């Protein structure tokens, strides 16, 4: 009888211990992607993070522009692609100058996936060096009018996201040394966003993009509620 009582007590203690640690295990479980992104978006900014992100954004848009020159089916898409190349090269020169002024190291052009906009084989360079980026990889798989619509949709989202990031930078006094850089590159990005919005509307994809965003947001909320 005494042995049975002792065994029961041990089992009860083990169960209680498991109950105490369960919430901790749940807290340590992997967060939904939306929550991970939210955490990332609200993480403290540093000059290094800002410079690295803006540099990467410029490289991405340069490569997207090259894809537009190669795969775009309309003159408007090709012209916008060339403007992306020209403007983002200039913007990146400002980013690199800001990096030098603040002693912030940047990856070498080859490591950063930098490409030469004047090369006639631009599209091939964009394919090879942009394959790591999901958006560019998706665009590479499209052709004709389907590419035009996908390109306009991606460019609208990319530039709106970058402008939102610039708002964060401008509001953060910890990176006040880069506020001047933000002011100098914002007008070009706003113009690109406006052009992309016009193309998207003309191609009938602007409302589709909004609908897709609402669907993704709803799905993310459902997953978050279910703890997926």
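The values are calculated or read from the model by the stated rules, or taken from the named source; none is laboratory data. The structure displayed is predicted, hence computed values, not measured ones. Don't worry about glycine lacking a Cβ; one is built from the backbone with ideal geometry, like all the others, and counts go over all protein chains shown.
The set of residues in the range 66-80 being under 16 Å from residue 200 (Cβ atoms) and in contact (Cβ under 8 Å) with a residue 40 or more places away in the chain consists of 68, 72, 73, 74, 76, 77, 80. Counting just the residues of the range 151-167 that are buried (at least 20 other Cβ atoms within 10 Å of the Cβ) and more than 12 Å from the chain's Cα centre (by Cα), which one comes out nearest to residue 183 (Cα to Cα)? Once the filter is applied, the top-ranked residue is 166.
For the range 98-199, the helices (runs of 4 or more DSSP H) that sit wholly inside it and include 1 or more residues that are at pLDDT 95 or above and farther than 30 Å from residue 73 by Cβ are 144-171. Within the range 74-82, is even one residue surrounded by 18 or more Cβ atoms within 10 Å (Cβ to Cβ), modelled with pLDDT of 95 or more and closer than 29 Å to residue 170 by Cβ? Yes, that holds for at least one residue.
Evaluated against (1) more than 20 Å from the chain's Cα centre (by Cα); (2) in contact (Cβ under 8 Å) with a residue 60 or more places away in the chain; (3) closer than 19 Å to residue 69 by Cα, residue 184 falls short on exactly one condition, (3).
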